[in-house]
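See structure below.
Nothing in this text is a laboratory measurement; each read-out follows from the coordinates by a stated rule. Predicted, not measured: the structure shown is a model, and the values here were computed from it. Every residue, glycine as well, gets a Cβ built from its backbone with ideal geometry; the counts of neighbours run over all protein chains shown.
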Amino acid sequence: MNLDHIIEADALKSGWGWMPPSDEVFKMFERVNTLCQPKNVLEIGFFVGHSTTYMLETFDCNVTSYGMCKQFSKSRESMLAKYQDRLRIYYIQSFMIYGTHINKDSFDFALVDGSHHYEVAACDILQCIMLGIPWLLVDNTDHSDVQAALSLFDEVVDLTEVFLYNSTHKNVSKVNEARLYNVRTNDIQKLIR
């Protein structure tokens, strides 16, 4: 997969936070494509464009992406130039997504890979559920805060598959986990108590 349009090489030296271009990651997106066949994707957590590229190259889809990282601006321009009308990228905080898209866009898949803090992860997942998105790929589920946020939604999400992939930064490797969930959209009322 050609990643020449991702021009933020310096950002990648700053630490973890992106899905590496590895066979494990490519196979994960291929499997997601087989199971979900996404056409209109919501991505929460644009960094420099790796996962966005993987989706646009693997799925026959459009992507609407949100991000707030410092590396955003240069990557945004090169990504938009490459993918043109298949990609929209917004520089706003993720808690604003629901208000922006209610009754405007219909998403059939979401990649949730924004902040890994409990409150933000819970808000991101809730917004996807309230938008009626039937499939969620939640990255970094190896983080305890992300796991705790997901546990809030046990009544309306079913774990479909778990993916593991390796990532290395400054010669330190770790295993990351991503989980694919199917949302029981008919059960959303269970969240309102």
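Annotations for the structure displayed:
- Note on the chain: lysine pairs with Cα distance below 17 Å, sequence gap of 8 or more or different chains, count 6.
- For the chain, the longest principal axis of the C-alpha atoms and the axis of helix 23-36 are separated by about 40°.
- Loop chymotrypsin sites (Phe, Trp or Tyr not before Pro), the range 88-193, which have at most 14 other Cβ atoms in a 10 Å radius of their Cβ (DSSP): 91
- Overall shape of the range 18-88 was characterised from the C-alpha gyration tensor. The equivalent ellipsoid obtained from it has semi-axes of 20, 14, 10 Å, in decreasing order.
- Cα gyration tensor, the range 29-171 - rounded (a/c under 1.5), prolate or oblate: rounded
- Taking the charge dipole of the range 105-193 about its Cα centre, with +1 at Lys and Arg Cβ atoms and -1 at Asp and Glu Cβ atoms, the residue from 153, 132, 185 reaching farthest to the positive side is 153.
- Loop sites in the range 46-137: trypsin sites (Lys or Arg not before Pro), DSSP, at most 13 other Cβ within 10 Å: 70, 104
- Degrees, to the nearest 10: 72-83 long Cα axis against longest axis of the chain: 90 degrees
- Residue 35-residue 144 FRET efficiency (beta carbon distance; Förster radius 22 Å; 0.05 resolution): 0.25
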